1. I'd like the FRET efficiency for residue 95 and residue 31, computed as 1/(1 + (r/R0)^6) with the beta carbon distance as r and R0 of 35 Å, rounded to 0.05.
2. In a Gaussian network model over the chain where Cα atoms closer than 10 Å are linked, find which of 111, 37, 70 has the largest mean-square fluctuation.
3. Name the residues of region 2-38 whose amide N is less than 11 Å from a point 7 angstrom out from the Cα of residue 106 along the C-beta direction?
4. Helix-only mean residue ellipticity at 222 nm, the chain, DSSP H runs n ≥ 4 weighted -39,500 (n - 2.57), per residue, nearest 500. What is it?
């Protein structure tokens with residue numbers, strides 16, 4: 001059974017790599033809002049009445065927070081992929097799998113399958129600690 005568990009872990013590691021890259025790319029989408037916020041903040045928008053600078057500042061701050069959170073989550077997923085490949089730190093991998101459930105629908109499915117697979121006793125034996 002260990003051969004099948006090793007194949008499952010390798011597959012999960014590869015899927016985590018794909019999800020990590022996908023998450024990093026999707027975290028770049030709020031750059032559009034960042035650009036809009038900068039344009040509002042410096043007053044470069046054309047139109048009749050200028051929006052208050054606080055609106056631009058809100059756009060900038062929210063966009064930066066969302067981008068940063070997405071990139072941090074992407075890095076955590078990529079680290080978990082590497083640790084799964086090396087069979088290290090099962091606790092870290094399970095924790096990241098729980099966080100992945102926030103990324104609907106792909107992350108939720110991958111997170112649940114990862115949690116189920118990593119909680120099997122035969123899989124736990126494969127990890128160093």
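1. Details: r = 28 Å, r/R0 = 0.81.
Taking R0 as 35 Å, the efficiency between residue 95 and residue 31 is 0.80.
2. Residue with maximal mean-square fluctuation among 111, 37, 70: 37.
3. Residues 15-27 qualify, since their backbone N sits under 11 Å from the label point.
4. Numbers: 6 runs with 99 residues, N = 129.
The helix-only estimate for the chain comes to -25500 deg cm²/dmol at 222 nm.
Computed from the coordinates by the stated procedures, all read-outs in this text should not be read as laboratory data. It should be emphasised that the depicted structure is a prediction, and the values quoted were computed from it without experimental measurement. Don't worry about glycine lacking a Cβ; one is built from the backbone with ideal geometry, like all the others, and counts go over all protein chains shown.
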